[in-house]
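*Asks:* The structure that follows is given in the form of structure tokens.
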């Protein structure tokens, strides 16, 4: 009897998680449609993230993990490569639901007269599950050294852990607040698929395929947006 009730509760949680994901996808599509139809650009994006994640003392602190990482983001427009962001830093897992990252980033802007830029970044990730729905809330602070301002970023991602353990649809929305302007200056939404290329219990190599829409107004009186599609490869050693 107890097993039957547990099974019923699990099915209900999975159903709620599935409905929540469908609602999220629909909400993002509905809210993004009015601005997306007026987008002025399209670009392709690639992300490569390689890092290590080890516990210095598995017996004493099994949840604590620490390791370095490097990350590169490239963007391609009609004229070719337009943006390159190279990051290096360290990630730390404090609890199963709490991770942090500290990094330095250098940005180049080929095809434009904009000078290269540097910044320091601190991120905190809060993770939790409701049935088969996984949620990650990312809170970040960026110190833009070259451009002399601070940006707060908040990204909320929902991922459905489907019966196919190697496949997980996801949706993400993010806003960015520039403290010198005291307003939200960037918004973006992503939808896509997460492919786990190794066994789920190892999760050492994954690939994301996604579509997104980003709009911004830093230094402008009105919003300007664009579509993008991309691929992201993550490897944890």
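The values are calculated or read from the model by the stated rules, or taken from the named source; none is laboratory data. Note that this is a predicted model, so its numbers are computed, not measured. Because the Cβ atoms are built from the backbone with ideal geometry, glycine has one as well, and the counts that use them run over all protein chains shown.
*Asks:* If you go through segment 183-210 one residue at a time, how many are at pLDDT 95 or above and either over 16 Å from residue 159 (Cβ atoms) or more than 17 Å from the chain's Cα centre (by Cα) (or both)?
*Replies:* 6
*Asks:* Another one. Considering only segment 113-155, state which residues are in contact with a strand residue (DSSP E or B) (Cβ under 7 Å, 6 or more places away or on another chain) and part of a loop (DSSP other than H, G, I, E, B). Break it down into steps so the answer makes sense when it comes.
*Replies:* Start the filter on segment 113-155 by keeping residues that are in contact with a strand residue (DSSP E or B) (Cβ under 7 Å, 6 or more places away or on another chain), which leaves 116-128, 132-147, 149-155.
Hits for segment 113-155 are 116, 132, 145, 146, 147.
*Asks:* Out of curiosity, is residue 235 free of Cβ contacts under 8 Å to residues at least 60 places away in the same chain and farther than 17 Å from residue 40 by Cβ?
*Replies:* Taking the combined requirement at face value, the residue does not satisfy it.
*Asks:* Condition first: loosely packed, with under 15 Cβ neighbours inside 10 Å, under 19 Å from the mean Cα position of the chain (by Cα) and closer than 19 Å to residue 102 by Cβ. Now tell me which residues in segment 144-182 satisfy that.
*Replies:* Within segment 144-182, 152, 154 qualify.
*Asks:* Filter segment 115-140 down to the residues that are surrounded by 13 or more Cβ atoms within 10 Å (Cβ to Cβ) and farther than 17 Å from residue 150 by Cβ and list them by number.
*Replies:* Scanning segment 115-140 gives 125, 126, 127, 129, 130, 131, 132, 133, 134, 135, 136, 137.
*Asks:* Do we find that residue 226 is within 27 Å of residue 147 (Cβ to Cβ), surrounded by 15 or more Cβ atoms within 10 Å (Cβ to Cβ) and without any contact (Cβ under 8 Å) to a residue 60 or more places away in the chain in this structure? Reasoning before the result, please.
*Replies:* Numbers: within 27 Å of residue 147 (Cβ to Cβ): yes; surrounded by 15 or more Cβ atoms within 10 Å (Cβ to Cβ): yes; without any contact (Cβ under 8 Å) to a residue 60 or more places away in the chain: no.
Spelling it out, it is not the case that residue 226 is within 27 Å of residue 147 (Cβ to Cβ), surrounded by 15 or more Cβ atoms within 10 Å (Cβ to Cβ) and without any contact (Cβ under 8 Å) to a residue 60 or more places away in the chain.
*Asks:* Now a separate question. Could you say which residue among 104, 83 is crowded, with 16+ Cβ neighbours inside 10 Å, at pLDDT 95 or above and not in a loop (DSSP other than H, G, I, E, B)? Steps first, answer last, please.
*Replies:* Values: 104 fails: crowded, with 16+ Cβ neighbours inside 10 Å.
Within the list 104, 83, the selection yields 83.
*Asks:* Just to be sure before I move on: is residue 109 more than 22 Å from residue 232 (Cα to Cα), more than 19 Å from the chain's Cα centre (by Cα) and at pLDDT 95 or above in the structure I sent? So that I can check it myself, show each step before the final result.
*Replies:* Working: more than 22 Å from residue 232 (Cα to Cα): no; more than 19 Å from the chain's Cα centre (by Cα): yes; at pLDDT 95 or above: yes.
Judged against the criteria, residue 109 is not a match.
*Asks:* Okay, moving on. Out of the residues in segment 59-77 meeting the condition of being over 22 Å from residue 48 (Cβ atoms) and in contact (Cβ under 8 Å) with a residue 12 or more places away in the chain, tell me which one is surrounded by the most Cβ atoms within 10 Å (Cβ to Cβ). Working first, answer last.
*Replies:* Initially, segment 59-77 is screened for residues over 22 Å from residue 48 (Cβ atoms), giving 59-64.
In the following step, the residues that additionally are in contact (Cβ under 8 Å) with a residue 12 or more places away in the chain were identified as 63-64.
Values: 63: 12, 64: 15.
Of everything passing the filter in segment 59-77, 64 is surrounded by the most Cβ atoms within 10 Å (Cβ to Cβ).
*Asks:* I'd like the full set of residues that are more than 24 Å from residue 165 (Cα to Cα) and either surrounded by 15 or more Cβ atoms within 10 Å (Cβ to Cβ) or in contact (Cβ under 8 Å) with a residue 12 or more places away in the chain (or both), limited to segment 184-211. Walk me through how you get there before you give the answer.
*Replies:* Looking only at segment 184-211, we keep the residues that are more than 24 Å from residue 165 (Cα to Cα), and these are 184-189.
Correct list: 185, 186, 187, 188, 189.
*Asks:* Can residue 56 be described as outside any strand (DSSP E or B), at pLDDT below 90, over 18 Å from the mean Cα position of the chain (by Cα) and closer than 22 Å to residue 210 by Cα?
*Replies:* Details: outside any strand (DSSP E or B): yes; at pLDDT below 90: yes; over 18 Å from the mean Cα position of the chain (by Cα): yes; closer than 22 Å to residue 210 by Cα: no.
The answer is no for residue 56.
*Asks:* Somewhere in segment 158-169, is a residue under 28 Å from residue 40 (Cβ atoms), assigned to a strand (DSSP E or B), modelled with pLDDT of 95 or more and touching a strand residue (DSSP E or B) at 6+ places or on another chain (Cβ under 6 Å)?
*Replies:* The answer is no, given that none of the residues of segment 158-169 is under 28 Å from residue 40 (Cβ atoms), assigned to a strand (DSSP E or B), modelled with pLDDT of 95 or more and touching a strand residue (DSSP E or B) at 6+ places or on another chain (Cβ under 6 Å).
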